[in-house]
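Here is the structure we will look at, set down as structure tokens.
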Amino acid sequence: RGGTAEREVPFAQPGSLTRVYAVASGKGGVGKSSVTVNLAAAMAADGLKVGVVDADIYGHSVPRMLGADGRPTQVENMIMPPSANGVKVISIGMFTPGNAPVVWRGPMLHRALQQFLADVYWGDLDVLLLDLPPGTGDIAISVAQLVPNAEILVVTTPQQAAAEVAERAGSIAVQTHQKIVGVVENMSGLPCPHCDEMVDVFGTGGGERVAEGLTKTTGTQVPVLGAIPIDVRLREGGDEGKPVVLTDPDSPAGAAIRAIAGKL
Ligand code: ADP
């Protein structure tokens, strides 16, 4: 719709019944996208109408993890998002040729996010999850401008270094006056397949540290919503586009993520 006025973001309108969660992390590789996709699939399996915006421009991996290989189509002047496992999804990766790396700059990203929120036909959603790029970048600011009511969900690993950057990413909420719904600790130990003892591959305590730090900086109680262990089935599910919460809901990771979904 070149050059015309921007459509309003429906989720930001007073009276919108859609809960919007922006999933953030301090750095990449902590499982932010895996958590987003599995939360979405778990909520959809519980009967909620769920959408995911893959705004992680540097590592857009949500469609593959969700098994969404369809393309968006255009109807009238709206974009119809493909869906998979009961979840509607739109991704920056659907609009770049092949696997071209995204080298867009702030204003273009803002515009893309604006279109994902306003020009995509989402229907009546109960929940919209936004998978943000790692760190405290332009997109986090854009989200705050476009959907000020979006609540922030911080994903970290138990590791000290990861926790520090995660806390910084979360504390942007103070400046943008957004609510932090809670912290999810991922890769919280590996249950030994032989003896069931927990191997703390990435140490312990990162989730608690981030939650305590954010409670202090925001002045409101930020809870740890749950801890997800390292689980081969979660990784395999991501590679195959079959979220572990659906294929193996009672596996350690599957059960942990379903419990977190129940708190949102
Ligand atoms: P991010 O979005 O933070 O960059 P991803 O969700 O892409 O992270 O996860 C990074 C890698 O770690 C992926 O290969 C994913 O399958 C794997 N992974 C994430 N969480 C777990 C977990 N709890 N157990 C096993 N593998 C995991």
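Have a look at 161, 227, 18 and report the one farthest towards the positive end of the charge dipole of the chain, computed about the Cα centre with Cβ charges (Lys/Arg +1, Asp/Glu -1).
In the chain, that residue is 18.
Using the number of other C-beta atoms within 10 angstrom as an exposure proxy, rank 60, 177 with the fewest first.
Ordered from fewest to most neighbouring Cβ atoms within 10 Å, 60, 177 come out as 177, 60.
Any chance you could give the angle, 0 to 90 degrees and rounded to 10, that helix 160-176 forms with the longest Cα principal axis of the chain?
The angle comes out at about 40 degrees.
List the trypsin sites (Lys or Arg not before Pro) within segment 1-84 that fall in a DSSP loop (any state other than H, G, I, E or B) and whose Cβ has at most 11 other Cβ atoms within 10 Å.
Answer in residue order: 1.
Under 5 Å between amide H atoms, partner at least 5 residues away or on a different chain: which partners does residue 152 have, H built in plane at 1.01 Å?
For residue 152, the qualifying residues are 22, 179, 180, 181.
Under a Cβ-Cβ cut-off of 14 Å, what is the net charge of the residues other than residue 137 that fall near it, where Lys and Arg count +1 and Asp and Glu count -1?
Net of charged neighbours comes to +1.
Could you tell me which residue out of 193, 116, 249 lies farthest along the dipole of the chain toward its positive end? Charges go on the beta carbon: Lys and Arg +1, Asp and Glu -1, centred on the Cα centre.
Of the candidates, 116 comes out farthest on the positive side.
Need one number: the % of Cα-Cα pairs in the chain sitting beyond the 28 Å mark.
Within the chain, distances greater than 28 Å cover 30 percent of Cα pairs.
Going by amide H atoms built from the backbone, whose H comes under 5 Å of the H on residue 122, apart from near neighbours?
Here the answer is none, since no amide H 5 or more places off falls under 5 Å of that of residue 122.
For segment 189-236, run through the GluC sites (Glu not before Pro) and keep only the ones in DSSP coil with at most 14 other Cβ atoms within 10 Å of their Cβ.
Loop-located and lightly packed - 197.
What fraction of the DSSP beta bridges in segment 16-263 is antiparallel, stated in percent and rounded to the nearest 5?
Taking every DSSP beta bridge with both residues in segment 16-263, the antiparallel ones total about 20 percent.
Can you give me the angle between helix 252-263 and the longest principal axis of the chain, using Cα atoms only, in degrees from 0 to 90, rounded to the nearest 10?
60
Can you give me the angle between helix 32-45 and the longest principal axis of the chain, using Cα atoms only, in degrees from 0 to 90, rounded to the nearest 10?
80
Only Lys, Arg, Asp and Glu count, each charged at its Cβ (+1, +1, -1, -1), so figure out the dipole size of the chain about its Cα centre, rounded to 20 debye.
Computed about the Cα centre, the dipole is about 620 debye.
Read the figures in this text as sums done on the coordinates, not as results from a lab. None of the values given here were measured: they were computed from a predicted structure. Every residue, glycine among them, receives a Cβ derived from its backbone with ideal geometry; neighbour counts consider all protein chains shown.
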